[in-house]
Structure formats: structure tokens, C-alpha cells
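Inspection log for the structure reproduced underneath, given as C-alpha cells.
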Amino acid sequence: MDEHVRARGHEHVRAEHASTWEVTSDDWLTPAGDCILGIEADTVPAEFDTAFTEACQAHDATIEATLRAGGHEQVIVGSGHPELTFASDRSLVARTSDYVDDRTVMVAADTAAADVDRELVAALADGAALECVFRVK
């Protein structure tokens with residue numbers, strides 16, 4: 001079961017945060033947004049299919065996020081959590097920790113923004129289109 005999110009990079013994409021990465025539907029980004037990989041997301045967690053959300057709430061759910069931009073691709077693997085609500089109508093956040101709020105779409109991620117391939121980050125900083133495909137197993 002998949003969910004697709006399309007966004008775009010921005011000149012302020014730095015991807016330096018050590019414990020999260022984020023994609024937002026906002027159309028702006030300040031230099032302080034060091035976890036944000038993409039802006040102007042066309043889909044937010046509140047719009048994800050209910051069956052996808054429920055599958056992610058299983059204790060044994062594995063969630064993969066495949067990021068594609070500028071000819072580069074990276075797969076990030078994390079876990080689901082029973083408290084994931086997918087309620088945010090603004091942004092989605094993948095976390096290396098087990099912290100959950102309405103923006104959280106993945107916990108225990110094996111990659112934070114600081115770990116994302118630097119060529120992919122450079123493409124996003126140049127404004128490349130970002131495709132993010134979430135798959136729950």
C-alpha cells in the first residue's frame with residue numbers, strides 16, 4: 001500500500017537536522033528549517049487513505065519512504081506506531097526517535113535530514129522536484 005507526495009526543493013534546503021526530516025505544504029522556507037527537504041507538498045498526512053493510516057498503526061508495521069529528486073534516490077526505513085494519527089493538514093515528519101505528534105508519519109527512521117544523500121540535497125537546494133513514496137509493510 002503506497003502514498004505519493006510530490007513537492008519541490010528550495011534554495012534554503014540544508015538538510016542538517018540530526019533526528020528528523022520533513023516535507024511541508026508551505027510555499028516558503030527560511031534558513032532555520034534545517035529538517036525540511038521539500039515545500040509545496042501536494043498531499044498532507046490528513047489526506048492519506050484510511051487503510052494506509054491503519055496499516056501504519058500496527059506495532060509491527062515497517063514504513064519505507066523513497067525520496068527521488070534530480071536523478072537521485074534514497075530509501076529510508078522506519079516503523080509504524082499505534083499512536084500515529086496522520087492528522088496534520090500542513091506537513092509530514094519522519095523521526096529517528098519514537099516521538100509522535102499529528103505530523104509524524106514514521107518513527108525509528110534509519111535516516112534523518114543530516115543523513116540524506118548530499119547529491120539529493122544539492123538537487124533540492126537547486127529547486128528540483130521531489131517525489132516521496134511511502135510504502136507500509
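The values are calculated or read from the model by the stated rules, or taken from the named source; none is laboratory data. Note that this is a predicted model, so its numbers are computed, not measured. Don't worry about glycine lacking a Cβ; one is built from the backbone with ideal geometry, like all the others, and counts go over all protein chains shown.
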When Gln74 is evaluated against the numbered criteria (1) among the polar types (S, T, N, Q); (2) farther than 18 Å from Ala18 by Cβ; (3) in contact (Cβ under 8 Å) with a residue 12 or more places away in the chain, which criterion, by number, is the only one it fails?
(2)
Which one of these is more than 13 Å from Arg6 (Cα to Cα), surrounded by 18 or more Cβ atoms within 10 Å (Cβ to Cβ) and touching a Gly at 6+ places or on another chain (Cβ under 6 Å): Ala128, Ala112, Ala108, Ala61?
Ala61
Of the conditions (1) under 21 Å from Ala15 (Cα atoms); (2) touching a helix residue (DSSP H, G or I) at 6+ places or on another chain (Cβ under 8 Å); (3) of a type in the set (D, E, K, R), Asp89 clears all except one; give me its number.
(1)
Looking only at the stretch 1-60, count every residue that is under 14 Å from Val133 (Cα atoms), assigned to a loop (DSSP other than H, G, I, E, B) and at pLDDT 95 or above and tell me the total.
6
Filter result for the condition that a residue is more than 16 Å from Asp126 (Cα to Cα) and more than 15 Å from the chain's Cα centre (by Cα), over His10, His17, His81
His81
Every residue from the stretch 106-137 that is more than 20 Å from Ala18 (Cα to Cα) and in a loop (DSSP other than H, G, I, E, B):
Asp126, Gly127, Ala128, Lys137
Determine the pairs where a residue that is touching a residue at least 12 places away in the same chain (Cβ under 8 Å) and surrounded by fewer than 23 Cβ atoms within 10 Å (Cβ to Cβ), located within the stretch 77-94, has a partner that is in a loop (DSSP other than H, G, I, E, B) and acidic (Asp, Glu) with Cβ atoms under 6 Å apart, the partner being 6 or more residues away or on another chain.
Val77/Asp110; Thr85/Asp102; Ala87/Asp102; Ser88/Asp102
Just for the stretch 64-76: of the residues that are of a type in the set (D, E, K, R) and more than 12 Å from Val105 (Cβ to Cβ), which one is surrounded by the fewest Cβ atoms within 10 Å (Cβ to Cβ)?
Glu73
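For the condition within 18 Å of Leu37 (Cβ to Cβ) and of a type in the set (Asp, Glu), what is the one hit in Glu54, Glu73?
None of the other options fit; the residue is Glu73.
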So, in the stretch 22-71, exactly how many residues are in contact (Cβ under 8 Å) with a residue 40 or more places away in the chain and among the polar types (S, T, N, Q)?
5
Just one listed residue, out of Ala55, Ala32, Ala41, is of a type in the set (Gly, Ala, Ser), over 11 Å from the mean Cα position of the chain (by Cα) and closer than 19 Å to Ala87 by Cβ, and it is Ala55
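Quick grid of which residues meet (1) surrounded by 15 or more Cβ atoms within 10 Å (Cβ to Cβ); (2) touching a Ser or Thr at 6+ places or on another chain (Cβ under 6 Å):
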{"site": "Glu22", "(1), (2)": "yes, yes"}
{"site": "Ala32", "(1), (2)": "no, no"}
{"site": "Pro45", "(1), (2)": "yes, yes"}
{"site": "Glu54", "(1), (2)": "yes, no"}
{"site": "Gln57", "(1), (2)": "yes, no"}
